[in-house]
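Shown next, in structure tokens, is the structure this report addresses.
Taken together, the values in this text are just the output of simple stated rules run on the coordinates, not laboratory data. What you are looking at is a predicted structure, and each value in this text was computed from that prediction instead of being measured. Please note: Cβ atoms are built from the backbone with ideal geometry, for glycine as well, and neighbour counts cover all protein chains shown.
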Amino acid sequence: MSKSLFFFAGFSLLFCVTSSLSWSMQCEEHDCDESRKTFVSTLPGSGKWKDDVTPKKNWTCQAIEDLESADSLCQMCEREWIRYAHTMQHADYKNLTVGCICAGHMEGDLKASKERESYFRSRSQRRTKWLDLAWKKSKKGNLYIKTRANSEDEDSHIVTIFKGKYGKYSASIDQKYLEQWFPTVREAQYAAFDYLWPSKKIFE
């Protein structure tokens with residue numbers, strides 16, 4: 001290998017490493033959404049993003065729901081399987097149930113759609129730990145716990161699980177009784193959680 005060729009190869013390697021480090025440092029300072037725009041815009045659209053009938057903007061979010069598993073297909077891109085379903089409303093079109101990214105572009109506010117979904121992701125994590133919290137037992141033998149404030153108010157709540165005369169279980173929240181009965185304590189506990197932190201939020 002000639003000296004000039006060796007020098008060129010070494011310089012190219014140094015340039016690539018330096019550029020890579022520089023890019024990494026930039027990525028640590030932001031979420032790369034802006035950097036992705038040019039790349040993503042070159043990808044072909046899918047589903048209703050490609051047609052000339054479906055409105056592409058001026059949508060509003062009517063509701064969001066945790067479906068508990070990612071087995072629903074986004075009705076806008078018709079490509080992504082979603083767990084957190086944003087129900088989008090438009091004056092000139094039927095409602096569509098879509099994923100976070102499509103919802104953000106449809107309403108022109110990606111930050112808002114991400115914040116909605118972030119709340120439900122946090123809710124899902126809290127629900128998985130619900131049974132493992134410091135439940136206590138009353139003198140009557142009923143499990144109870146004092147919870148944190150929910151999304152609707154700033155007060156804590158007392159949840160009590162009790163057994164009915166027919167052997168099934170239910171719960172009370174601040175002495176307000178749920179109307180349903182459940183075959184196990186576990187199901188009654190989850191019902192109390194869902195009462196305080198519903199799996200669906202509707203926006204007026």
What spacing in nm lies between the two simple spin-label points modelled at E68 and I158, each 7 Å away from Cα in the Cβ direction? 3.0
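About the Cα centre of region 40-196, how large is the charge dipole given +1 on each Lys and Arg Cβ and -1 on each Asp and Glu Cβ? Please answer in debye to the nearest 20. Could you put the intermediate results ahead of the total?
Working: 26 positive and 22 negative charges, 195 e Å.
Roughly 940 debye for region 40-196.
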Just to be sure I understand the model, the point goes 7 Å from the Cα along the line to the Cβ. What's the resulting R79 to Y93 distance in nm? 1.6
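For region 59-204, compute Rg over Rh where Rg is the Cα radius of gyration and Rh is the Kirkwood radius from the inverse mean 1/r over Cα pairs. Please report the intermediate quantities before stating the final value.
Working: Rg = 18.2 Å, Rh = 17.0 Å.
Here Rg/Rh amounts to 1.07.
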For region 93-187, listing chymotrypsin sites (Phe, Trp or Tyr not before Pro) in a DSSP loop whose Cβ sees at most 10 other Cβ atoms within 10 Å gives Y166
Considering only lysines 8 or more places apart in sequence, or on different chains, count the pairs in region 42-128 whose C-alpha atoms sit under 16 Å apart. 6
Placing one equal point scatterer on each C-alpha of region 119-204 and summing with Debye, one gets log10 I(q)/I(0) at q = 0.21 Å⁻¹ equal to -1.04
Normalise the Cα radius of gyration of region 42-128 by 2.2 N^0.38 Å (N = residues in it) and let me know the number. 1.07
Which of the trypsin sites (Lys or Arg not before Pro) across region 91-165 are loop residues per DSSP, with 15 or fewer other Cβ within 10 Å? K139, K140, R148, K165
